[in-house]
Amino acid sequence: MEIPLRSYLDDILDDVRPHDDGAVADYIPELAAADPEPLAVALCTSAGRVYSAGGPHADDEREFTIQSISKPFAYAVALQEVGVEKVLSTVGMEPSGEAFNELSLDGGTHRPVNPMINAGAIAVNQLINGEDSSVAARVEVLLDYFSRLAGRELRIDERVTGSELATADRNLALAHMLRSYGVIGDSAQDAVTGYVRQCSILVTVKDLAVIGATLALGGRQPVTGEQVLDPRVCRQVQAVMASAGMYDGAGKWMAGVGIPAKSGVAGGLMGTLPGQLGIATFSPRLDASGNSVRGTEIFRRMSEDMGLHLMSAVPARGSAVRSIRQRGLGTVIRLQGGLGFAGAEDFLATVAGHELKTNRVVVDMRRVTDVDGFGRAMVLEGLRRIREDGHRIGVIDPDGLLGDRTMDDGTSVETSDEEV
Ligand code: GLU
């Protein structure tokens, strides 16, 4: 069977290909000379399956510089390596509503307002590998992390680095400003060199989709299975990306597309759908906010067609309680699906509203697909209360979803026979 997703992605590319609005970034000579035509899209699922399309020239295999899409990942590395407290004392997390390279710091603290604008990204780069690190060692740590996130060895485009460094007056001005307030310790030249090298790492849309999926999945790289980042780090990065990832277009993006995302001036765009997917596009012509025109259109369509808007989550259909059946001397409560807050609440409310007529009550977990800490605690608490009401309780849980089944009072639930 052929998976229809691939032809869907091909069709989207064909639809947006005629759009030629916008222009390639021209403030970095090497990018100004870039071919504006490439067009590619990729998706990576939680199971690590990657779907991509790149038209007749296989643009999904084509490398481009990551540019600002490196910002959320470098932020993640800093959070992972030096901890939230240190990172937050260096850079804030409020949207700036300004252009990416605005010469701005928070009026009171003199910290950059967030890590997605250049001032913040230069400061974050400085946090990597300690204050005394050389530029080369700092970049090495980043390159190593980015490679583990992508699941292949990435490299730096030296020509783009050189070209950007030769015209880096604005970023140098930012670095001087940061240094004058003691936010960074390196010379402005070194700080900008580290940051520009980070921006010159080469990736494909497939790499970005996989890295995005890793963030979306709490730091576990879905292809290699490696736990690269902590879940809390990923949560923080995506939250900041959602409010500040798309520069001064962030509000409109969140309302229209609803996927936390980050764009780069080379034409890349990467989005994360928490718990589900990483998505990436590549098309170099940019709009006035610096976001890829065709990339934005692809995201908009996929969000609409595939129901990916974060805020349009529909209520989970069906109940967590599949059935409550009395069998001889016992009652079996069959649970199903995922047990998070909603499922656990459904279980508790349904059982509370049901008169249990037998002495023996068993919860059958065999159709439960997954359970989080809250769901587990609530199922066990529900069982404890059923016991308190005078019943003998048991569970059928061959996959061990309820862990060691210890309840709040320190006792645990025994395994029941499959048939009561
Ligand atoms: N290296 C670029 C700069 O700092 C990245 C900007 C971007 O991608 O938005 O100017």
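Here are a few things to note about the model shown:
- Furthest towards positive pole of dipole, Gly307, Ala40, Leu13, structure part the chain, Cβ charges: Gly307
- Helix-only CD estimate at 222 nm, as mean residue ellipticity for the chain, using -39500 (n - 2.57) per DSSP H run (n ≥ 4): -12500 deg cm²/dmol
- Percent antiparallel among DSSP beta bridges (both partners in the stretch 329-418, rounded to 5): 5 percent
- Loop trypsin sites (Lys or Arg not before Pro), the stretch 1-71, which have at most 13 other Cβ atoms in a 10 Å radius of their Cβ (DSSP): Arg49
- Exposed-site-free run, longest, the chain (rule: chymotrypsin sites (Phe, Trp or Tyr not before Pro); DSSP loop; at most 15 other C-beta within 10 Å): 182-420
- Ordering of 109-116, 400-407 by packing is 109-116, 400-407, highest average first (other Cβ atoms within 10 Å, averaged per residue).
- Here the extension length gained between Arg384 and Thr411 equals 8.8 nm, from 0.36 nm per residue of separation less the Cα-Cα distance.
- Point-to-point label distance, Phe374-Ala58, nm (Cα→Cβ direction, 7 Å offset): 4.6 nm
- Label-reachable residues, the stretch 292-311, where backbone N falls under 20 Å from a point 7 Å from Glu345's Cα toward its Cβ: 310-311
- Counting only DSSP beta bridges whose two residues both lie in the stretch 254-398, roughly 55 percent are antiparallel.
- Length gained on full extension, Asp20 to Thr224, computed as 0.36 nm times the residue gap minus the Cα-Cα distance: 69.7 nm.
- Label sites at Ser46 and Ile3, each approximated as a point 7 angstrom past Cα along Cα to Cβ, lie 1.6 nm apart.
- Each Lys and Arg Cβ is given +1 and each Asp and Glu Cβ -1; about its Cα centre, the stretch 5-86 then shows a dipole of about 480 debye.
- Peptides 384-392, 132-140 ordered by packing proxy, namely the average of other Cβ atoms within 10 Å per residue, highest first: 132-140, 384-392.
- Set of lysines near Lys206 by C-alpha distance (under 24 Å), chain-local residues within fewer than 8 positions excluded: Lys71, Lys262
- Three-way shape label, the stretch 347-420, alpha-carbon gyration tensor, a/c 1.5: rounded
- In this simple spin-label model, placing a label point 7 Å from the Cα along the Cα-to-Cβ direction at both Lys357 and Asp11 gives a separation of 5.3 nm.
- Paramagnetic label reach from Leu202 (point 7 Å along Cα→Cβ; backbone nitrogen cut-off under 15 Å): within the stretch 35-61, residues 35, 59-61.
- Using only side-chain charges placed at the Cβ, +1 for Lys and Arg and -1 for Asp and Glu, the dipole size of the chain relative to its Cα centre rounds to 1160 debye.
- For the chain, DSSP calls about 70 percent of its internal beta bridges antiparallel.
- Candidates Thr65, Thr204, Thr224, ranked by Gaussian network fluctuation over the chain, Cα under 10 Å, top entry: Thr224
Read-outs throughout are calculated quantities, based only on the coordinates presented, and are distinct from any laboratory measurement. Everything numeric here is computed off the predicted structure, so don't read it as measured data. Counting neighbours? That spans all protein chains shown, and the Cβs are built from the backbone with ideal geometry, glycine included.
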